[in-house]
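Some notes on the structure that comes next.
No value in this document is a laboratory result; all are computed from the given coordinates. Keep in mind the model is a prediction, meaning the values are calculated, not measured. Glycine gets a Cβ as well: all are built from the backbone with ideal geometry, and neighbour counts include every protein chain shown.
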Amino acid sequence: MLLQEHIPFAAIEWNTRFEAIDWNQAATKLFGYTPAEAIGRHAAELIVPQESRALVDSIFQSLLNQTGGTYSINRNRTQSGESIVCEWYNSPLRNERQEVVGVLSIALNIAATEESDRPAPSPLWETSPIANRFFTSSIDLLGVGGFDGYFKHVNPAWMNLLGYTETELKQQPFLAFVHPDDREATLLAAQSLANGNHVTQFENRYRCRDGSYRWLSWRALAYVDESQFYAIGRDITERKASEAALQESEERFRQVVELTGQAIYDYDAVTGKTQWAGAVKEITGYDLSRFTDIGVEGWAEFIHPEDRPRVLLQLQHSLETGSAYEIQYRWRSQTGVYLDLQDRGAVLTDERGQAYRMLGSISNITAQQNALRDRTLAEAQLQNTQNFLESILQTLPIPVVAKEAKELRFVLWNPAAEAILGSKAEEVLGKNDYDLFPPDQADGFIQKDREVLQQRALIDIPEETVQTRSGNNRIFHTTKTAVLDAEGAPQYLLAIIEDITDRKNSEAALRESEAKFRQFVENANDLIYSHDLEGIFTYLSPKFFDLSGYHPEEFIGKSFTPLVHPDDIDSVHLFVAQVASGQKGSGQIFRTQHRNGSWRWMTANSSPKRDSQGHIIGVQGIVRDITEPKLIEQQLEEQAERERLVNSLTNQIRSSLNFEQILETAVTEIQHFLNIDRCSFSWFNYDSDESYLEVIKESRLGKLPSRIGRYPSSIFSAFAKSLVNLEIVRIDDARQISDPASQATLRALNITSMLVLPRTFDSGKIGILSCSCSQEVRPWLEQEIELLNSVMAQLEIALNQAQLYQQTQARAKELEELLWELQRTQTQLVQSEKMSSLGQLVAGVAHEINNPVNFIYGNLIHANQYTESLIYLLMLYQKYYPQPVPEVEEEAEAMDLEFILEDLPQLLSSMRVGAERIKQIVHSLRNFSRMDEAAMKAVDIHEGIESTLMILQNRLKAKSDRPIIQTIKEYGNLPLVECYPGELNQVLMNIISNALDALEERDRARSLLECQQQPSQVTISTQLLNEQQVQICIQDNGPGIPEAVQQRLFDPFFTTKPLGKGTGLGMSISYQIITERHKGTLRCESQLGQGASFIITIPLRQE
């Protein structure tokens, strides 16, 4: 402060907020403010004009963030408002922790008026001794450069740092001294100044005279109107090296921290914030951000409540005293589980002893603490464990021996060693190898022992020969290791022995067996193979060459897939997968392709291939060539198939006489059996004026057009002669025939191979069996021709039998029709006779009944008159003799005279009604009895219908289980109709009776309520059609008649009624009466659930 008061320059000290905290007298003289007026005020309020604030702020911020000072020329404002231009030298002020706490500025007035109103000044250091002292004494590089790329002025620090003279520095462009890698950045900075940016800051490397480079940090100020810039450079080479070293150190520290598994923290006691590194998340389960803004109290919230007071007290003590600390406590992790943590740290204090930082590390010692808690128990169990191990050694079936490390004398010899070597422990302990084994063996044992002890490592001796006490040599597999004491020195030598004598003998036997097996494999007639799970061959016996044409080494390491027939590959893969799953496979048949292109049949038997642990690693097996047996089998199958085809046709001929069906089966079977494109059968007519070929049956591939039909012989004239001569036409390859006409015919028919077999049948016709291919050439085999000849012979037999069958069928049909006609006539005669007898009986009964009924009915008239007279007489007696004698009065009361007088007229009336009913029934019986009349008459159709209904009245009326069956009459105005009345009445009776049967059957299945809600009905309607015909329709609302029954309704003897309930002749006879006797029609219309209608139509006049 004292120096600042006595220097002739304006000296101002600013805090980090750019507020004045010291203001000397020179500053008061320059700017007009007294210290009291200036201190505590921001620079912008004091001396910085509005237009320069951004520039000055940037300069000030750079001072807070860098190690060196700055130089600049700025326009300033005095207290009076005058504008001045000053040179400023600024340096950051730091505390003992090298933290920037303020800025010291020195200002020189270099202008008293606006810069634009004066000539450009000379540099201050040339006119001011003090400024010159600053310029020449500065350890920073100060210089003035032009936009032409050359320095104009440089201070001595340039020469001191780089080793060049001032002349050398000014003679070359400054870019020539810059490191090639930094020139682009330097040019960009210069360009920024030339573009009007007032201040720029950058770093680059300058070459020294000795060829080395120094890192420089630059701050430059541009004066575009002067085409110059002012630059201050500071050597930061050591800082760069320190930064690199620091970065390397930090990286190493980070790696070390990560390797230690510790969480590292840096707690700022002033701001309360904490920086973390290391295994924070691994220990706590939380991200780093969870603990950034918390201090000691926030961390303590996670500490176990029992430990928290102690921990806080310890930390508070360390903060107050600045002492290091080491604390163990329980801390709640993110999962809620408490961990045992060890917290070590140190406290940093300032010069006043105030703590401002805490640095420390946290380790998760949960495992150690658990181990510590378990250690006591472990130590307690140690003795038991040692005793247990001793017992194990004594009972272990593996020989274990131990020697002391100095003289290699035995100190342990367990019972298993006694058993295998023959010596007791008490005979061995304290002795060495020379006491027990031959010298040559003992030398080897001692040498290995020394090697183990020297290397302090485990040595495995796969095989060594040891003589037992009995003198026999055994082969041992021995493992030796050194047992070290607490200082790491060998204390014992431990040997574990495995007797492998039997295994070595087995291995020798196995090698001998393998040699024999190899000889067997190489001489075997079958292929022996193995492949991995991917199907890659790992072994192929020499037989592979005979089966495939390839040497085994050509396919070792390759897949078997290319050898297998495409149609068999899926089944082979399935077979391999089955074996690879652990099952054995046998009898797998497949085809492989030989090197010469032929296909050969193979059969394989395989089993899983396993490693020493029993895991399946592949498939192994034997493959046998069965091509020859397979070809024989195929030939036998083809022969059997041919026989099957012929037998099939033979059986069809025996079981069926339908030649068309047999023929269709034949061409279909032949096309499939021979695997050809088309097979057809034709008749060849050559006797008529126009010969032709008629194809009647064929079997073909779906994409080929049909050839069913008749074709003139001109189409196949090239082959007509051969067909007439019954010669077989055999063409294996249409391209090879020489006859142009034949070749043209085959080309027109799109035939590449053809086989035609003609044959004369007993009927004299020529039948032709034709086989052809259209897509590829197919040679015809002799056995195939023999097969087709056999088929033709069977077809000839079939045709002859079919013709005989047709003739027999025709004759049988004639006889059947004649028999049916006789049966029908006989039935009609019987029915006519029965109806005639019934008519005579009904007529006789009606006549016999009619006579007494007429007598009764006639006398009822007189009886009624007499009764009325007597009643009138009695009424007169009562009027004139109201008081009769007692005897008369008593008699009148006894007979209930008043009731008799009232009831007698009603009794006579009911007798008259009954007599009239009897007369109607008799009349109906007499009308119905006309069915015996053979003559045609003109009658009233309605009268016949009423007579029929009268006779059926008993079936129509209500019963105990159902209401009345309603009859609805819709009669038209009909004239008399010429008909056979009796026969017509018979038809009406049959139809109405059948309707009543259906209704009664339906009503039996319904409840009384259903019958009342939907009563059964029979509707009878008549009408005149075209003045020529009469139509009678009898319709019911019953269940209807199924379609199948309707088709047979009028067939003789057809009935749907139970046995004994119907003859099946009623509707058949009715149909004949209407259609034959009356030349009319009788049809039925019905739908299930909607009833049935029978419609009778007869001519009005019979011709």
### Task
Report the calculated FRET efficiency for Asp570 and Glu638 (r = Cβ-Cβ distance, R0 = 41 Å), to the nearest 0.05.
0.95
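Test of understanding: ordering Arg75, Arg375 by Cβ neighbours within 10 Å, fewest first, what list do you get? Display every interim value, and only then the final one.
Values: Arg75 18, Arg375 12.
In order of increasing Cβ crowding within 10 Å: Arg375, Arg75.
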### Message
What does the charge count around Val428 come to, taking other residues whose C-beta lies under 12 Å from its C-beta (Lys +1, Arg +1, Asp -1, Glu -1)?
### Response
0
### Query
Given labels modelled 7 Å from the Cα in the Cβ direction, how far is it in nm from Val724 to Tyr356?
13.5 nm
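Taking the number of other C-beta atoms within 10 Å as the exposure measure, put Val85, Val347, Val483, Val885 in order starting with the fewest. Intermediate results must be reported in sequence, preceding the final value.
Values: Val85 18, Val347 22, Val483 13, Val885 9.
Result, fewest neighbours first: Val885, Val483, Val85, Val347.
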### Query
By how many degrees, 0 to 90 and rounded to 10, does the Cα axis of helix 659-674 deviate from the longest principal axis of the chain?
20 degrees
### Query
Could you name the lysines in cross-link range of Lys937, using Cα to Cα under 17 Å and dropping any fewer than eight places away on the same chain?
Lys1079
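So how do Trp683, Trp299, Trp413 line up by other beta-carbon neighbours within 10 Å, fewest first?
Numbers: Trp683 16, Trp299 19, Trp413 23.
Result, fewest neighbours first: Trp683, Trp299, Trp413.
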### Query
So if we plug the beta-carbon distance of Arg710 and Glu817 into 1/(1 + (r/R0)^6) with R0 = 45 Å, what FRET efficiency do we get, rounded to 0.05?
0.85
### Sequence-distant lysines (8 or more away, or on other chains) whose Cα lies within less than 20 Å of Lys403
Lys424, Lys431, Lys448, Lys480
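Sum up the charges of everything whose Cβ sits under 13 Å from the Cβ of Thr808, counting Lys and Arg as +1 and Asp and Glu as -1, but leave Thr808 out. Could you put the intermediate results ahead of the total?
Values: positive: Arg811, Lys813; negative: Glu814, Glu816.
Local net charge: 0.
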### Query
lysines within cross-link reach of Lys957: Cα-Cα under 21 Å, excluding same-chain residues under 8 positions apart?
Lys919, Lys969
### Query
How big is the equivalent ellipsoid of the stretch 261-364 along its three axes, where each semi-axis is √(5λ) from the Cα gyration tensor, reported in whole Å from largest to smallest?
22, 15, 12
### Query
Looking at the chain, what % of its DSSP beta bridges pair antiparallel, to the nearest 5?
95 percent
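With a cut-off of at most 10 other beta carbons within 10 Å, and DSSP calling the residue loop, which trypsin sites (Lys or Arg not before Pro) in the stretch 991-1061 qualify? Please list them. Please list the in-between numbers first.
On the way: sites: Arg1002, Arg1004, Arg1006, Arg1048, Lys1061; in loops: Arg1006, Arg1048, Lys1061.
Of the trypsin sites (Lys or Arg not before Pro), the ones in loops of the stretch 991-1061 whose Cβ has at most 10 other Cβ atoms within 10 Å are Lys1061.
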#### Entry: Angle in degrees between helix 569-580 and the longest Cα principal axis of the chain, rounded to the nearest 10
60 degrees
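What FRET efficiency comes out for Gln275 versus Gln191 if R0 is 35 angstrom and r is the Cβ-Cβ distance? Round to the nearest 0.05. Write out the running numbers ahead of the final one.
Working: r = 40 Å, r/R0 = 1.14.
The formula returns an efficiency of 0.30 here.
If each residue of separation counts as 0.36 nm, what is the full-extension length gain between Trp599 and Glu243 once their alpha-carbon separation is subtracted? If you can, show how the numbers build up before the last one.
Details: separation 356, 0.36 × 356 = 128.16 nm, distance 7.95 nm.
Gain in length upon complete extension: 120.2 nm.
Over the stretch 400-504, what number does the Rg to Rh ratio reach, with both radii from the alpha-carbon atoms and Rh per Kirkwood? Each step should come with its number before you reach the end.
On the way: Rg = 13.1 Å, Rh = 13.9 Å.
Rg divided by Rh gives 0.95.
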### Message
Output the 0 to 90 degree angle, nearest 10, between the alpha-carbon long axis of helix 627-655 and the longest principal axis computed from the alpha carbons of the chain.
### Response
20 degrees
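Using 0.36 nm times the number of residues separating Ser391 and Val483, minus their current alpha carbon distance, what extension gain do you get? Mind showing how you got there, number by number?
Details: separation 92, 0.36 × 92 = 33.12 nm, distance 1.93 nm.
Value of the extension gain: 31.2 nm.
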## Note on the structure
Rounded to the nearest Å, the spacing of the alpha-carbon centers of the stretch 409-423 and the stretch 555-597 is 57 Å
### Query
For Rg/Rh (Cα atoms, Kirkwood Rh), the listed values are (1) 1.33; (2) 1.38; (3) 1.03; which was obtained by calculation from the structure presented?
(1)
